[in-house]
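The values are calculated or read from the model by the stated rules, or taken from the named source; none is laboratory data. Because the structure is predicted, anything quoted here is derived from the model rather than measured. A quick note on method: Cβ atoms are made from the backbone with ideal geometry, for glycine too, and the neighbour counts reach across all protein chains shown. In case anyone asks, the SASA skips ligands and DNA or RNA and just uses the protein heavy atoms, side chains included. Shrake-Rupley method; radii C 1.70, N 1.55, O 1.52, S 1.80 Å.
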Amino acid sequence: MANQSSRYPILCASFNQDNSGFAISTKDGFKIIDSNTGRLCYDRAVGAFIIVEMLYSSSLLAIVGAGEQPSLSPRRLCLFNTTTGAPLREMTFLTSILAVRLNRKRLVVVLQEKTYIYDSNSLSMLDTIDTVPNLKGLCAFSPSLEGCFLALPASTAKGAVLVYNVMELQLHCEIDAHRSPLAAIALSSNGKYIATASEQGTIIRVHLVSEATKSYSFRRGTCPSTIFSLSFAPSLQLPDILVATSSSGSVHIFSLGFETNQRTKMSGSFLGSILPYSVNDALDPAHHHVLHNAVSAGVRSYAVARKVDKVADSSSSEIASCSGIIQARTCHSQSKN
């Protein structure tokens, strides 16, 4: 991917809702690829697109052009059918579309100062959210119908995030997560957790959405770095896994379930009784794994944990050991620190 991107710059890269497939776009068109096999599922060479969003593994795509052709305006959202190769519906907005998210019930369109909520089937507008200037189109979306939330920046001066219940069409909560403005947001697929990183990029915080309370604080590193992406692994009975990429070129993997066990053990010790959890996290890095030089430093990258399995571990009976498949994609844009 890195060698190809130097010849054919990747304009966007996105995984679908269950990470079973991903889309990439270059100046010539876009491709849909199966994450499990690497098989090319769909290829359309019609020009440059800045947004290609899939609806699971269905034939529906939400695509937005890069503006290099009059027919591919960044203000026009096209719902495209890959089976027929034809548009199903086009929607035009007053300003450029910065992000699109969807599930089987809702379609979310993010502009710089407004976010629109639509019914995915009828495409009738359900709500409009006025937001602070969101130049990067930062947002997070949990596709589960039982915990369907949308997260947006709530401030340009600090790292506050607004959490909106997309099914009930009402504000759920507002969380003050960081002192600096937000750089990345992620919601777990079931809507249980929200992860945030600020422009400093040293601390990643995870809050429990239902109670808007902080559950975890992870230290990525001591030097400032731009966090490009945050992503939760699919979680069933296994510990929740959070994956982060940054401008350093490393991929960071945090285990939420492991840290819970570590806190339980630490709280019974003398050291644990006098140190706050945030300090304990820094002292015990066992829940934090780093894949160094996973991608080129400074190149914008996205990573997901596509699959997590429990494996036997004779070293500890209290802590579940897991193996996972991490996939990363890079885009041509360089970070500016």
> Considering amide H positions built from the backbone, and no H for Pro or chain starts, which residues 5 or more places from Ile51, or on another chain, come under 5 Å of its amide H?
Replying inline: Val64
> Ignoring ligands, DNA and RNA, what percent of the accessible area of the stretch 155-206 is carbon or sulfur (1.4 Å)?
Replying inline: 40
>> For the stretch 1-120, what does the accessible surface come to per residue with a 1.4 Å probe? Please give it in Å².
In response: 46
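Quick one: pull the percent of accessible area on the stretch 27-125 belonging to carbon and sulfur, 1.4 Å probe, ligands and nucleic acids left out. Working shown, then result.
Details: 2320 of 4710 Å².
Summing carbon and sulfur atoms, their accessible area is 49 percent of the total for the stretch 27-125.
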> Taking +1 at the Cβ of each Lys and Arg and -1 at the Cβ of each Asp and Glu, which of Gln112, Gly29, Leu135 sits farthest along the dipole of the stretch 1-153 towards its positive end, judged by Cα position relative to the Cα centre?
Replying inline: Gly29
> So how far, in whole Å, is the C-alpha centre of the stretch 140-177 from the one of the stretch 88-128?
Replying inline: 16
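So which GluC sites (Glu not before Pro) in the stretch 94-176 are both in a DSSP loop and have at most 14 other Cβ atoms within 10 Å of their Cβ? Mind dumping the intermediate values first?
Numbers: sites: Glu113, Glu146, Glu168, Glu174; in loops: Glu113, Glu146, Glu168.
Those satisfying the criteria are Glu113, Glu146, Glu168.
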>> Rounded to the nearest 10 Å², what accessible area does Lys105 have for a 1.4 Å probe in the complete protein model?
In response: 90
> Pairs Lys31/Lys105; Lys114/Lys158; Lys27/Lys192; Lys31/Lys158: which exceed 30 Å Cα-Cα?
Replying inline: Lys27/Lys192; Lys31/Lys158
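Accessible area per residue of the stretch 136-262 at 1.4 Å probe, in Å²?
Working: 4600 Å² over 127 residues.
Each residue of the stretch 136-262 exposes 36 Å² on average to a 1.4 Å probe.
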> Got a number for the accessible area of Val110? Probe 1.4 Å, square angstrom, nearest 10.
Replying inline: 0
